[in-house]
Amino acid sequence: MKKPLIFLLLFFIQFINSQELALVKKNSKIGYLSKDGSFKIEPQYKSAKSFSEGLAAVEENGKWGFIDVNGKWIIPADFSNAKDFNSGIAVVQKDKEWVYINTKGEIQKAPATEKLFDFNEGVAFIKQGNKIGLINSKMTVVLEPKYDQIKSFENGFARVELNKNWGIINTSGKEVVEPAYSEIGNYFKNTAWARKDKTFGLVNGGKFIPVDGAEKIYDFETQDLTYAKKNGKIGYIDLKGNWVILPLYDKAKAFSKNLAPVLVGKKWGYINLKGDFVIEPTYSDAEVFGANGLAPIKENNWGFINESGKLVIPTQYGITTNAIIAMFVQQDKGFINGVARVKNEGKWGFLRADGTVLGNQWFENAELFSKSEKSYAKETPAEKPKAETKPAAKSTKTPAKKKS
C-alpha cells in the first residue's frame, strides 16, 4: 500500500504546483482566478501583475512586493516598482535604482552593465559600451559583450547582429549560425531562413540554400512547413527549401493540426498539406488551430470552428491581441490550455471549449492564465504565426507599466 500512497501524494503535489491563475479586475480591484472559475485570491489589490514562477508582484500603499498563490506576502512591499520573475530572478526598483533580486528578496549583484535587462530562458543581456553579452541567473558572465544586438531568446536560441550581419546563438553564447546574413529567422530543427544580399533561402549545417524565387520567408513554427512569398503571392516551403504548396494565396499563416489559414481575395479559409481547401474561404479573418482542435474565425465578430469547419462557438466575441506577448512564446488569441480569453459587451471573460463561460463571470479586465509553480524551465510554445523579426528586450530604464 505504501507505493500507491506515495504515487498519489506525488500526483497531488504536482497538481498543486502546476495550477494556473489568471489576473482579473472586478469592481476596480484585482484578484486571481482559478481554472475552476473560483477566486483563489479575492479581488483586493489596486495594482498587480500576473503570477510567474510562484510569485506575483502587487502594490500596497504605493510600494511593490510579491505574494504567493495563497495571497501570503513572501517579499515585503519595499520597492518603487517590480517586474516579473523569470529564471528565479526579478528586476525591481529600490531607492531609484534598478536591481536584481532572487525569490527570497535578496539583492543579486550583477556584473558590470549599463542597463539591467529581464531574464529569459536562464540568461539576461549585459551592455558595455555599444556591445551586448549574456549573464546567467548566478550572475556569471557566459558571453562577454561582443554583439551589436541580441534579440530575445526563443526555444534556447536568439538572433544576433555583428557588423550589420545576422546569425544565431544559444543560451551558452555559442554561435550555431555565424553572423553572415542580411536577415535571419528563428531556429527550428537546426534550420533558419535567411537573406544573403538580395537572395532568400534556408541555412542548415552552415550551408545557405537559396529558395527559388522567394521574396520573403516567414518563421517556421511547430510543423515542417512555413509560408513564403513569390511573385507577390504566398505558398509554403519545407525544411529543404522546396515549394510544396504553390504560391497562390494573398496572405497565409502557419500550419497547425495540418491545416493553415489562407486568404483568397477578401476571404479566409483553411488548406491541408496538399494545398486543398478543407474549409472554404468564407471568413473575414482566421487564426491557426489550437491544441484542442478549435480555431478563431471572424465574421462580424469572432467565434470558433472545429477541424471540419463546423461553427461550435457563435461569432459574437472579441478576441485579444497583445503585441507584447506575441513577441515571445505564447499566442494571445484562441484557446490556450483549455480556455480562450474573449470580450463581450465591454467585459472580459474566459470561454471553455463547450462555449460556456468560466465561473459564469465577466470582468473589467482579464489577463491570460499563467502557471504559478516555482519552476524555471521554459514552457512549450503555443502554435501561432509570429512576426518576421522581434525587437530586443527592453531595458528597465523605463519603469514597468502597471496592469489595470
Exercise. Taking only C-alpha pairs under 8 Å that are 6+ residues apart, what is the relative contact order of the stretch 131-247 in percent?
Worked result: 12
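Which entries in LYS72/LYS347; LYS230/LYS274; LYS94/LYS347; LYS164/LYS216; LYS189/LYS257; LYS49/LYS94 show an alpha-carbon gap greater than 26 Å? Don't skip to the answer; put the middle values down first.
Working: LYS72/LYS347 29 Å; LYS230/LYS274 18 Å; LYS94/LYS347 35 Å; LYS164/LYS216 19 Å; LYS189/LYS257 18 Å; LYS49/LYS94 18 Å.
In this structure, LYS72/LYS347; LYS94/LYS347 exceed 26 Å between Cα atoms.
Going down the table (LYS26/LYS104; LYS127/LYS174; LYS109/LYS138; LYS83/LYS104), which pairs top 20 Å between alpha carbons? Display every interim value, and only then the final one.
Values: LYS26/LYS104 30 Å; LYS127/LYS174 18 Å; LYS109/LYS138 9 Å; LYS83/LYS104 15 Å.
In this structure, LYS26/LYS104 lie more than 20 Å apart at Cα.
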Problem set entry | Point-to-point label distance, GLN44-ASN165, nm (Cα→Cβ direction, 7 Å offset) | 5.9
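State the extension gain, in nm to one decimal, for the chain segment bounded by LYS198 and ASN360, taking 0.36 nm per residue of separation less the distance between their alpha-carbons.
Numbers: separation 162, 0.36 × 162 = 58.32 nm, distance 5.42 nm.
Full extension of this stretch gives 52.9 nm more.
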Problem set entry | Reach of LYS29 by Cα under 19 Å, taken over aspartates and glutamates that are not fewer than 8 positions away in the same chain | GLU42, GLU59, GLU60, ASP68, GLU364, GLU367
Seminar exercise, completed: Plugging the Cβ-Cβ distance of ASP212 and GLU345 into 1/(1 + (r/R0)^6) at R0 = 60 Å yields, to the nearest 0.05, a FRET efficiency of 0.75
Seminar exercise, completed: Excluding residues fewer than 8 positions from LYS198 in its own chain, the aspartates and glutamates with Cα under 13 Å of it are GLU183, ASP212, GLU215
Exercise. Stretch VAL244-LYS109 to full length: gain in nm at 0.36 nm per residue minus the Cα-Cα span?
Worked result: 43.4 nm
Problem set entry | Backbone N within the stretch 151-167 under 15 Å of label point (7 Å from VAL142 Cα along the Cβ vector) | 151-159
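Throughout, read-outs are computed from the coordinates displayed, never taken from laboratory work. Bear in mind the structure is a predicted one, so any value in this text is a computation, not a measurement. Glycine gets a Cβ as well: all are built from the backbone with ideal geometry, and neighbour counts include every protein chain shown.
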